[in-house]
Amino acid sequence: MASVAPSPRFAGSLVLAARQFPRHRAATIGLVCLLLIVLATLLAPLIAPYDPIQIKLSMKLKPPSLEHFLGTDHFGRDVFSRLLYGGRTSLTVGLLVVAFAFLFGVPLGLASGYFGGRIDNVMMRLVDAFLTFPPLLLAVAVVGLLGPELQYVTLALGIVQAPVLARMVRGSTLAVREDVYVTAARALGAGPLRIVLSHLLRNVMSPIVVQLTIVFSAAVIAEASLSFLGFGTQPPEPSWGRDMSEARRFLNDAPWMFLAPTVTIMLCVLSINFLGDGLRDAMDPRAWRTRGTIDPEEA
Amino acid sequence: MWRYLGGRLIQVPVVLLVVSLMTFVITRATPGDPIQIMLGMQTSPEAAAAMRAEFNLDRPLAVQYGLWVGKVVTGDLGRSMRLNDPVTALLAERLPVSLQLALAAMLLALLVSIPLGIAAALWRNTWIDYLCTGYTVMGFAVPNFGLALILIYVFSIKLDWLPITGIGSSEAAAGGWWTYIRPFIVPAIALGTLQTAILTRLLRSSMIEVLSQDYMRTARAKGLLPGTIVFLHALKNAMIPFVTMVAVQFGYMIGVQVTIEYIFAVPGMGSAVLNAVVNRDFPVIQGFTLVIAAFFLFANIVADMLYALLDPRIRY
């Protein structure tokens, strides 16, 4: 994929998209919010006021206060500190699943769409089979049988997302495969690899990026669901989903325990979804509000 | 269309075969011996060996799979290693519960999304449209188990209006229809909110598209009543993608219920698979995933068929 990134024309389209992006207010807010969440989890050791794991029973189930501004849990641990550390797993898994889906889904989709025929048929039947699996149950089976380690969680969530991406990339590839510039490239003697990498991939890149934001938010929710069911992160490690599961027993006494992770997950997913909407509009020249945005002089 | 249906139906066994093969590989390629887990550490090697032979676990993997497929074709999904019941009997117990919950969730989704979607399309950019957008955006972002906890906190703990558990319990079955339905309400809302969001958004956008068509202007010009225009002309056409989506989403619901079943102690399909995974109960995992996958496949075929039935322009 090296032939894609540094080309000046591609960079140019990125600049145009970047210039377009801030016009989407919700997306900008989403981006800022997401960056804040990422930064907060990265800097957790600096920001977190307390140790997320150390038990202090004298402080258990304390409501939000100045010392513990999101309250404490049933072991007297600071909910806010646990949120910060728990976010590390969720966001890492999200990122890994995105990488997994990209690495497997995109080449499969490109190959299927470009070559067509029997390759396409076999691959799409496989994709069908994967999509028939209930995603969360498949993840439960994989993690439940292999173990709750990060690589298995990524695998469990990635194998459901990669086929979705593959099918989408295939569709977009089919659409651009017949475009004139592809025929032109072929006439000039470009091989299949060159056509796929430098002509097709670049032109299906924007739906891929948008789909990847969807993959990311789906992965964050799925990781939380897995941990909630007891199949992901294991206690005492902090985790959004796992902590919500623990909080079930204290719904009445300590509602902050389940509210804090729930709201955090929602904020996270909302930010990513808005970001995805903004990216879709920014990368699609047809959606640009043309007045004043791409003045010939300016561009 | 019948030929198309035939073609689709022929593909079903192929896809199911791939699904079952994948489940088989996942279960067998992973660590954890079901016999060991079930019998504990102190069993005699003979007892373990006998049990292994009973479930064919001592045979080569290809033979195990072949034997299993051979029985499935005759409608026999094997026996649960843990409960010693036939998987089909377990299925007969669990499937109706899951179907009822899915049905309840879908019903709620329809009750909310149809009026909300229509209203948002008719009064675009008014408060009702913003309410609809806000609702769908939130519906996409909230994890269903988080929503479930919020609903339990508000409706079951603080207001004490609705029970948390009781689906499939004997008390619920013995009481009247209200005692039977009551425990479904909170789980159904939690389960159906995502579908409500999907359906509302879809109906809104397809309504808007239909309302902007030329024949809508003609209908108005003919002097038809606004109600006739909206409900007879616009809704009928806007409903086509909607109905298909309902079928697709319904197929999904059985598979996504796990977290809801877990919270509300619902004896459904999802919790059965969950337990089976923990206990390495291979026949149950294989049988249940197969049925869930088949259900999903058929829901999709029904969706495609509905599409062709409702829209005369579509011919397969």
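Every residue, every condition in (1) buried (at least 23 other Cβ atoms within 10 Å of the Cβ); (2) more than 30 Å from B:ASP76 (Cα to Cα); (3) touching a Phe, Trp or Tyr at 6+ places or on another chain (Cβ under 9 Å); (4) more than 14 Å from chain A (Cβ to nearest Cβ), yes or no:
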residue: B:GLY192; (1), (2), (3), (4): yes, yes, no, yes
residue: B:LYS236; (1), (2), (3), (4): no, yes, no, yes
residue: B:GLU261; (1), (2), (3), (4): yes, no, no, no
residue: B:ILE285; (1), (2), (3), (4): yes, no, no, no
residue: B:ALA293; (1), (2), (3), (4): yes, no, yes, no
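This table checks each residue for (1) modelled with pLDDT of 85 or more; (2) closer than 24 Å to A:PRO134 by Cβ; (3) in contact with a strand residue (DSSP E or B) (Cβ under 9 Å, 6 or more places away or on another chain).
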{"site": "B:TRP177", "(1), (2), (3)": "no, no, no"}
{"site": "B:PRO187", "(1), (2), (3)": "yes, yes, no"}
{"site": "B:LEU194", "(1), (2), (3)": "yes, yes, no"}
{"site": "B:THR200", "(1), (2), (3)": "yes, yes, no"}
{"site": "B:SER206", "(1), (2), (3)": "yes, no, no"}
{"site": "B:ALA221", "(1), (2), (3)": "yes, no, no"}
{"site": "B:PHE231", "(1), (2), (3)": "no, no, no"}
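Restricting the search to region A:155-169, which residues are buried (at least 22 other Cβ atoms within 10 Å of the Cβ) and closer than 23 Å to B:VAL258 by Cβ?
Matches in region A:155-169: A:ALA156, A:LEU157, A:GLY158, A:VAL160, A:GLN161, A:ALA162, A:PRO163.
If I filter region B:302-309 for residues that are assigned to a helix (DSSP H, G or I), within 30 Å of B:LEU162 (Cβ to Cβ) and acidic (Asp, Glu), do I get at least one hit?
no
Within region B:1-96, considering only helices (runs of 4 or more DSSP H) that don't extend past its boundaries, which have at least 1 residues that are within 14 Å of chain A (Cβ to nearest Cβ)?
B:2-28, B:34-39
Go through region A:129-142 and give me each residue that's surrounded by 23 or more Cβ atoms within 10 Å (Cβ to Cβ) and either more than 21 Å from the chain's Cα centre (by Cα) or in contact (Cβ under 8 Å) with a residue 40 or more places away in the chain (or both).
Correct list: A:THR132, A:LEU136, A:ALA139, A:VAL140, A:ALA141.
Output the helices (runs of 4 or more DSSP H) that fall wholly within region A:100-212 and possess 1 or more residues being modelled with pLDDT under 90 and touching a strand residue (DSSP E or B) at 6+ places or on another chain (Cβ under 9 Å), or say none.
Qualifying helices (runs of 4 or more DSSP H): none found.
Can you tell me how many residues in region A:270-285 are within 10 Å of chain B (Cβ to nearest Cβ) and either over 26 Å from B:GLY134 (Cα atoms) or surrounded by 24 or more Cβ atoms within 10 Å (Cβ to Cβ) (or both)?
Residues meeting the conditions: 2.
Tell me, yes or no, whether region A:196-205 has at least one residue that is under 23 Å from A:LEU157 (Cα atoms) and surrounded by 16 or more Cβ atoms within 10 Å (Cβ to Cβ).
Scanning region A:196-205 turns up at least one residue that is under 23 Å from A:LEU157 (Cα atoms) and surrounded by 16 or more Cβ atoms within 10 Å (Cβ to Cβ).
State yes or no: is B:PHE145 within 14 Å of chain A (Cβ to nearest Cβ) and within 28 Å of A:GLU246 (Cβ to Cβ)?
Taking the combined requirement at face value, the residue satisfies it.
Does A:LEU126 fit the bill of being within 12 Å of another protein chain (Cβ to nearest Cβ), touching a Pro at 6+ places or on another chain (Cβ under 8 Å), surrounded by fewer than 18 Cβ atoms within 10 Å (Cβ to Cβ) and under 23 Å from B:PHE24 (Cβ atoms)?
It is true that A:LEU126 is within 12 Å of another protein chain (Cβ to nearest Cβ), touching a Pro at 6+ places or on another chain (Cβ under 8 Å), surrounded by fewer than 18 Cβ atoms within 10 Å (Cβ to Cβ) and under 23 Å from B:PHE24 (Cβ atoms).
Among the residues of region B:135-191, what is the count of those that are aromatic (Phe, Trp, Tyr), under 17 Å from the mean Cα position of the chain (by Cα) and farther than 25 Å from A:TRP256 by Cα?
Count: 1.
Can you name the residue in region A:221-230 that is more than 8 Å from chain B (Cβ to nearest Cβ) and not charged (D, E, K, R) and, of all such residues, is nearest to A:VAL79 (Cα to Cα)?
Checked region A:221-230; the qualifying residue nearest to A:VAL79 (Cα to Cα) is A:SER227.
Note down all Cβ pairs under 9 Å where the first residue falls in region A:256-268 and is within 7 Å of chain B (Cβ to nearest Cβ), the second is assigned to a helix (DSSP H, G or I) and acidic (Asp, Glu), and they're at least six residues apart or on different chains.
Matching pairs, first to second residue: A:PHE258/A:ASP243; A:PHE258/A:GLU246.
The values are calculated or read from the model by the stated rules, or taken from the named source; none is laboratory data. Please read these numbers as outputs of a predicted model, since none were measured by experiment. Because the Cβ atoms are built from the backbone with ideal geometry, glycine has one as well, and the counts that use them run over all protein chains shown.
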